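A.B. asks: Right, I'll just put the structure down here and ask away after.
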Amino acid sequence: MKPKDFIDRRTFLRASGLALGGGLAASIARPTALHAAALPAPEAKPDYTLKIEPCSLEIAPGVVVKTTSYNGQVPGPLLRLREGVTVTIDVTNGSANPDIVHWHGLAIDSLNDGAMEEGSSMIAPGAKLRYTFTPRPSGTRWYHTHAGAGGDLSLGTYSGQFGFLLVDGKADLGHYDQEIFLAIHHWNGSFVPMVQTMRDASSNMPLTSGSDVGYQYATVNQHMLGVGEPIRVKQGQRVLVHLLNASATENVVLALPGHTFKVLAMDGNSVPNPAAVEVLSLAVAERVDAVIEMNAPGVWVLGSILPEARKMGLGIVVEYASKKGAPVWTDPAPAKWDYTQFASNAPAATPDETVTLTFHDIGALKGSKFDTWTINNQSWPDVDPIKIKQGKRYRLLLRNGSGDQHPMHLHRHSFEVTKIGPKDLSGLHKDVVNVMPLQTVAVDFVADNPGDSLLHCHQQLHMDYGFMTIIKYTA
C-alpha cells in the first residue's frame with residue numbers, strides 16, 4: 001500500500017522545526033523478536049508489521065522520556081531475517097509527522113532502502129507502506145528512521161525509532177553460550193555552543209558560532225545504568241554481544257573492567273583479523289559483534305569510559321551467578337582506537353577510479369544557529385551527483401577539513417577500508433567509517449547495485465544541514 005502523500009526533506013524540515021540470550025531478562029538484553037512466516041503470496045499478510053507510534057519510556061524510576069518508537073518499545077522488535085529470502089514488512093505511521101524507515105546496511109533497491117533522497121516514499125500520518133526486499137548481506141544490520149529533524153530534537157534519530165535487524169546466512173561467529181543485543185542511545189537533547197576546543201584543533205581552521213547537541217540522559221537498551229535487571233552470566237561462558245550505537249550525534253567508547261572484547265565483526269561483516277581489546281569505540285551508527293570470555297567473577301559495569309557519561313546512564317550491570325554487591329568500575333589502560341588492528345595489511349585491489357571528497361563546516365548562515373556542512377564546497381540539496389558505472393571499483397578519498405568526527409555512511413553498498421592516514425589496509429568491510437578531525441580515509445566499493453545511493457555523515461545535525469551527496473549510476 002502506497003501512502004497518498006509524499007513529502008521531501010526540505011518540506012519536512014520546514015514543518016518540523018526549521019521555521020537474546022539464555023538466562024537474560026528479555027527487557028534487558030534481547031529485544032522482542034518477530035518471527036517470519038513463509039514467503040507471502042500476492043495479497044498475503046506481511047511477514048512483519050511495525051507501527052511508528054508515541055511512547056512513554058521510563059528509563060529510571062521517575063524519569064520518563066516521551067518519544068516515538070516502533071511497536072511501543074525501545075529498541076524496536078528484533079527482526080531476524082534469512083539472507084536471500086524475500087521479506088515483506090508493513091509499516092504504519094501512527095505519529096503526527098511524516099516518516100520513513102531505512103534498512104541500514106542492506107544491499108537492496110533504492111525505492112525500498114528508505115531514503116527519500118533516493119526516491120523512497122515518506123509515510124504520511126495515518127498511512128501504511130509495504131516494504132518488500134531480499135535481505136543481503138548476512139550479519140548485524142539495523143533499522144531506523146531516516147526523517148529529518150532540523151531544530152526539533154524529538155524527531156529523526158533523536159527519537160526511539162531504531163531496532164536490530166539480524167540477517168542469518170554465511171556469517172559464522174563461532175560458539176557462544178549467550179547472545180545479547182545492546183543498543184546505546186542518548187535522550188533529552190538540547191542545543192549548546194560548539195565545543196571550542198574542537199574548533200581550536202588547528203590554527204587555520206575557522207571558528208564558527210553554530211550549535212551542537214548536549215544530552216541529559218543515556219541508556220543501554222531502555223534503561224539507565226543500574227536500573228532494571230542486570231546481564232546475568234556464569235563463569236566460563238562465552239557471551240556474544242551485538243553492540244549498536246543508535247545515538248543521533250554521540251560517539252561512544254566502552255569497556256568492561258577485567259574483561260576483553262574479541263571483535264569478530266564490524267558493521268555486520270567478519271573482520272580479517274579478530275582481535276581482543278579492552279576498549280571498544282563505536283561512532284554513530286556503527287555496530288560491533290564481539291565475544292566476551294566470562295572469567296572474572298564479580299559484579300561489573302559495562303559502560304562508557306567517561307565518568308560523566310556513566311552518570312548520565314551510559315552503562316549496564318554485568319552480574320556473575322552467586323555474586324552480589326555494588327557494581328564495580330575501574331578505568332582501563334589508555335588505548336587509541338585503531339581500525340587497522342582488525343584488518344589485513346596486504347594491499348587492496350587497485351581501483352578503476354578515485355573520487356576525492358573534502359568536508360568543511362562553513363558556519364551558521366543567514367542568521368541560523370546551526371552550522372552548514374559541505375562536501376567539495378556543495379551543500380545538500382544543491383550538489384553535483386557522483387556519477388559511476390556498473391561493475392567498476394571506486395575509491396572514495398574522504399578528507400575531513402573540520403574539527404569534528406564524521407561517521408560516513410554509504411547506502412546500499414558495503415565498502416572496504418583501504419587507507420587510514422598513511423596506513424594501507426584491506427579486508428575490513430563496513431558501511432560506516434569514522435573520519436577523525438583533519439584525517440583522510442580511503443574506502444573502496446564496487447558498483448554492483450544500480451540505483452541512487454546516498455552518502456552522508458550519520459550525525460543527524462550534520463545530515464540535516466547539508467552533509468549529504470548522491471551517487472548515481474550511468475549507462
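The values are calculated or read from the model by the stated rules, or taken from the named source; none is laboratory data. If you're wondering where the values come from, they're calculated on a predicted model, not measured in any experiment. In this analysis, Cβ positions are derived from the backbone assuming ideal geometry, glycine residues included, and neighbour counts consider all displayed protein chains. Heavy atoms of the whole protein, side chains included, go into the accessibility calculation; ligands, DNA and RNA do not. Shrake-Rupley method; radii C 1.70, N 1.55, O 1.52, S 1.80 Å.
A.B. asks: I'd like to verify a number: residues in the range 140-165 that are open to solvent by 10 Å² or more (accessible area, probe 1.4 Å) and either of a type in the set (A, V, I, L, M) or in a strand (DSSP E or B) (or both), how many?
C.D. replies: Of the residues in that region, 2 qualify.
A.B. asks: Limited to the range 306-365, what total is found for residues that are of a type outside the set (Gly, Ala, Ser), out of contact with any helix residue (DSSP H, G or I) (no Cβ under 8 Å at 6 or more places or on another chain) and open to solvent by 40 Å² or more (accessible area, probe 1.4 Å)?
C.D. replies: Total meeting the criteria: 27.
A.B. asks: What pairs can you find where one residue is in the range 241-260 and closer than 19 Å to MET463 by Cα, the other is of a type in the set (Lys, Arg) and open to solvent by less than 10 Å² (accessible area, probe 1.4 Å), and their Cβ atoms are less than 8 Å apart, with a gap of 6+ or different chains?
C.D. replies: Within 8 Å, the pairs are ASN245/ARG287.
A.B. asks: Say whether the condition of being in contact with a helix residue (DSSP H, G or I) (Cβ under 6 Å, 6 or more places away or on another chain) and within 18 Å of GLY148 (Cβ to Cβ) is met by at least one residue in the range 413-428.
C.D. replies: So far as the range 413-428 goes, no, none of its residues is in contact with a helix residue (DSSP H, G or I) (Cβ under 6 Å, 6 or more places away or on another chain) and within 18 Å of GLY148 (Cβ to Cβ).
Conditions (1) at pLDDT 95 or above; (2) within 26 Å of GLU250 (Cβ to Cβ); (3) in a strand (DSSP E or B), marked per residue:
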residue: VAL271; (1), (2), (3): yes, yes, yes
residue: ALA275; (1), (2), (3): yes, yes, yes
residue: LEU280; (1), (2), (3): yes, yes, yes
residue: VAL284; (1), (2), (3): yes, yes, no
residue: ASP289; (1), (2), (3): yes, yes, yes
residue: ALA296; (1), (2), (3): yes, no, no
residue: TRP300; (1), (2), (3): yes, yes, yes
residue: ALA309; (1), (2), (3): yes, yes, no
residue: LYS336; (1), (2), (3): no, yes, no
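A.B. asks: Being within 18 Å of the chain's Cα centre (by Cα), on the phi < 0 side of the Ramachandran plot and not polar (S, T, N, Q) is true for just one of VAL101, VAL65. Which residue is that?
C.D. replies: Values: VAL65 fails: within 18 Å of the chain's Cα centre (by Cα).
None of the others qualify; the one that does is VAL101.
A.B. asks: Another one. Just checking: which of the strands (runs of 3 or more DSSP E) contained wholly in the range 63-118 hold 3 or more residues that are closer than 30 Å to PHE445 by Cα? Steps first, answer last, please.
C.D. replies: Details: elements: 63-70, 78-82, 87-93, 101-104.
Hits in the range 63-118: 78-82, 87-93, 101-104.
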